[in-house]
Amino acid sequence: MLGASNTLLNADHYDVYFKGMPLLNGKVLRRHGDVFDRTARGYYHAHGRADDTMNLGGIKVSSVEIERICNEVDNSVLETAAIGVPPSGGGPELLTIVVVFKDANFAKQDLHQLRISFNSALQKKLNPLFRVLIIFLLEEYYE
């Protein structure tokens, strides 16, 4: 399988990828990070990666971890989305946070302070090298 690893740094390779998986033609199937649904007609619908990671400064990190921390930084935040944007010249992705506030009238001038708060929380709880470079404000939110 292209791109499949055979060693892990902080976990047991067998436990992560093979333990508890069913057999097919006498071989143990390998677990992967893609999410699929099987339709009633027998087709498969791909939903993308379950781990949804990005590379920040050479460190793989889950967007879910970043979002969990950013969502707790300020009571005015309703939801965040962490996005790793690849720079045009290559290199580590640039951390961008999209923010939805509980109150649509949140003052835009407070975004700078919010970015400082995001950085402080991420550096304290995840990695001292992580840094939010851009915050996008999503002013309208539809459910």
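Determine the sum of side-chain charges near His13: Lys and Arg each +1, Asp and Glu each -1, restricted to other residues whose C-beta is under 13 angstrom from that of His13. Write down the numbers at each step before the final one.
Details: positive: Lys19, Arg30, Arg31; negative: Asp12, Asp15.
Within the 13 Å Cβ shell, the charges total +1.
Could you give the length gained by full extension between Glu79 and Leu24, i.e. 0.36 nm per residue of separation minus their alpha carbon distance, to one decimal place? Don't skip to the end; give the middle numbers.
Values: separation 55, 0.36 × 55 = 19.80 nm, distance 4.18 nm.
Residue separation times 0.36 nm, minus the Cα-Cα distance, leaves 15.6 nm.
All of the numbers you see were taken from the coordinates with simple rules; none came from a lab. Every value quoted in this text rests on a predicted model; they were computed, and no experiment measured them. Here Cβ is always computed from backbone atoms with ideal geometry, including for glycine, and neighbour counts include all displayed protein chains.
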